[in-house]
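Encoded as structure tokens, the structure appears first; notes follow it.
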Amino acid sequence: MFKGVEVVSVKTMADGTIRLTIDVQDGVGDDIKAAYALKFAETSMLLAPTESFVEAMQEVVANFRG
């Protein structure tokens, strides 16, 4: 699922983790199902400004491959 999002809230939790609340823009029913399924899987997310998303994704992939 590739969707634009709006970051609504960022909170630092007591255990040092960060809680990020996002709104999915232009979401449809299938997006709700996909997002709910991610709740139960190990998940990664790339959050980058839209104008630099492709470059950020390429950098992540290059570093992931080693």
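Every number in this text was worked out from the coordinates using simple rules, so none of it is lab data. Keep in mind it's a predicted model, so treat the numbers as computed, not measured. Cβ atoms come from the backbone with ideal geometry, glycine included; neighbour counts cover every protein chain shown.
Computed from label points 7 Å out along Cα-Cβ, the spacing between Ala56 and Ser9 is 2.2 nm.
3J(HN,Hα) along region 22-30, derived from phi through the Karplus expression 6.51 cos²θ - 1.76 cosθ + 1.60 where θ = phi - 60°, amounts to 10, 10, 7, 7, 6, x, 10, x, 5 Hz, with x in place of Gly and Pro.
Once the mean 1/r over all distinct Cα pairs of the chain is inverted, what Kirkwood radius in angstroms do you read off?
13.9
Amide H contacts of Ile22: Val8, each under 5 Å away and 5 or more positions distant or on a separate chain (H built 1.01 Å from N in the peptide plane; Pro and chain starts excluded).
Which one of Gly16, Ala56, Val28 has its Cα pushed farthest toward the positive end of the charge dipole of the chain, where Lys and Arg give +1 and Asp and Glu give -1 at the Cβ? My answer, from the dipole projection, is Gly16.
The value of relative contact order for the chain, using C-alpha pairs under 8 Å at least six residues apart, is 23 percent.
Computed per residue of the chain from DSSP H runs no shorter than four, each worth -39500 (n - 2.57), the mean residue ellipticity at 222 nm is -10500 deg cm²/dmol. Applied to region 38-48, the Karplus parametrisation 6.51 cos²θ - 1.76 cosθ + 1.60 on θ = phi - 60° returns per-residue 3J(HN,Hα) values of 5, 4, 10, 10, 5, 9, 10, 9, 9, 10, 8 Hz, with x for Gly and Pro. Put a plus charge on the Cβ of each Lys and Arg, a minus charge on the Cβ of each Asp and Glu, and nothing anywhere else: the dipole of region 10-49 about its Cα centre is then about 160 debye.
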